[in-house]
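The values are calculated or read from the model by the stated rules, or taken from the named source; none is laboratory data. Since we're looking at a predicted model, the values are computed, not measured. All Cβ positions, glycine included, derive from the backbone under ideal geometry; neighbour counts span all protein chains shown. The accessibility values were calculated without ligands, DNA or RNA, using every heavy atom of the protein model including side chains. Shrake-Rupley method; radii C 1.70, N 1.55, O 1.52, S 1.80 Å.
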Amino acid sequence: MNSTQPAYVQHHFVDAEQQRESSKLGMWIFLLTEVLTFGGLFAAYAVFRAWYPDMFINAHKALDVTMGSINTVVLITSSVTIALAIRSLQIGKAIAAQRYLILTLLLAATFLVIKYFEYSHKFHVGQLPGHFYTYEGIEGTNPHVFFGIYFAMTGLHGLHVIIGMGVITWMLIRTAKGEFSPEYYTPVEMTGLFWHLVDLVWIYLFPLFYLIG
Amino acid sequence: MSEHSQHGHVTPLKTYLGVGAALLFLTVVTVAVSLVDLGGFNVVVALLVATVKGSLVVLFFMHLLHDNRIYLAVFLGSLIFLAILIIFTMFDTMTRDEMTPLAELVVEQVKLMV
């Protein structure tokens, strides 16, 4: 029986260290699946771009580089704030951790607001994915292909931002309740890993969609 | 100035802020380079800068520089298999216009039949 272990150690683990290492390994394996999921879409991007190189260059001009750049800055800063939140828990500063988690949420929300403006403009002019596409102003074969892959990738990424916000909010509540300490902050650390992956995907999405040609 | 929690290494504040500043600087570099016409090299440079940024995020923010090497192995494994996926898919699609003589014969025959 594990009656000598702290309460946060679940019964099927020998001790806190084993639980911590198992959690981390599990999270990294999940991140492996995330890399391959987004990677599959990046492979589709590579194929479509190889098939229609000129169309891609023409179509990407429809994207606003300023908004994309701001979103990049926003996500990078949010990675800093969530790293600082976890660091705060490591050194026993739960109030600072809550503040950093709130900052992370605000930055994530900013990202989504900017994406909303980008998406709504595209909906307005008919730059929609696949067979919903009606915009006339882009030269080249099959411009709907560019927007198909754009919405698929930024859409899946945006979904990850929303899910990430939900999990970060949950961590914020648990931190406020005093559930974490320098000895135990693993759930927040795992949340941080997920959030950094979201940032990592965007680091590749941004140049490949906004800055080509 | 390095502190230790029960978990071991705590990254210094300066490191997090320094890496964040480097990432923002590299973002400026990426945008600036994209405004210069380097032909085919634009994609290469963009991906290289993105990879440097990604490495900073993975090594420092995701703590892989100081963690057990197994996590780094898992992450590198994902990149290796992703590389195989993309490279072999591109091998396929980039060579589709070339038909072997036998394939050409078959296509001719099928056209005659249809």
B:VAL45 - accessible surface, heavy atoms, 1.4 Å probe, Å² rounded to 10: 40
Whole-number accessible area per residue in Å² for the stretch A:39-142, which is evaluated in the context of all protein chains at 1.4 Å: 46
Summed buried accessible area for A+B [probe radius 1.4 Å, Å², rounded to 100]: 4000
Rule-of-thumb Rg ratio for the stretch A:12-89 [Cα; 2.2 N^0.38 Å; N residues]: 1.70
In range of the label at A:LEU36: residues from the stretch A:151-186 whose backbone nitrogen is under 12 Å from the point 7 Å along Cα→Cβ: none
Heavy-atom SASA rank of A:ASP199, B:ASP67, B:ASP97 (probe 1.4 Å, accessible area, largest first): B:ASP97, B:ASP67, A:ASP199
Max mean-square fluctuation residue, GNM over chain B, Cα-Cα springs under 10 Å, options B:ALA103, B:ALA46, B:ALA21: B:ALA103
Farthest positive-ward along the stretch B:10-114 dipole, Cα basis, beta-carbon charges - from B:SER55, B:ASN42, B:THR89: B:SER55
Kirkwood Rh, angstrom, the stretch A:76-170 [1 / mean 1/r, Cα pairs]: 15.4
Shielding of A:50-56 by partner chains, average beta-carbon count, 10 Å: 1
Probe 1.4 Å, accessible area per residue of the stretch B:7-114, Å²: 63
Per residue convex hull volume, Cα atoms of the protein assembly as shown, in Å³: 178
Estimated vicinal HN-Hα couplings, Hz - the stretch B:45-57 in sequence order (Karplus 6.51, -1.76, 1.60; Gly, Pro = x): 4, 4, 5, 5, 4, 4, 5, 4, 4, x, 4, 4, 4
Distance between the stretch B:63-114 and the stretch B:31-61 - C-alpha centres, whole angstrom: 24
Links that overshoot a 22 Å alpha carbon limit, given the list A:LYS24/A:LYS115; A:LYS93/A:LYS115; A:LYS61/A:LYS122; A:LYS61/A:LYS115; B:LYS14/B:LYS53: A:LYS24/A:LYS115; A:LYS93/A:LYS115
Rounded accessible area of A:TRP170 (nearest 10 Å², 1.4 Å probe): 140
Intensity falloff of the stretch B:31-78 expressed as log10 I(q)/I(0), Debye formula with alpha-carbon point scatterers, at q = 0.15 Å⁻¹: -0.52
Heavy-atom accessible area ranking, 1.4 Å probe, most first, across A:ILE82, B:ILE70: B:ILE70, A:ILE82
Karplus-derived HN-Hα couplings along the stretch B:79-92 (A = 6.51, B = -1.76, C = 1.60, θ = phi - 60°), whole Hz, x at Gly and Pro: 5, 4, 5, 5, 4, 4, 4, 5, 5, 6, 4, 5, 3, 5
Carbon + sulfur, % of accessible area of the protein assembly as shown - ligands and nucleic acids excluded, 1.4 Å: 69
Area accessible to solvent at A:VAL198, 1.4 Å probe radius, in Å²: 0
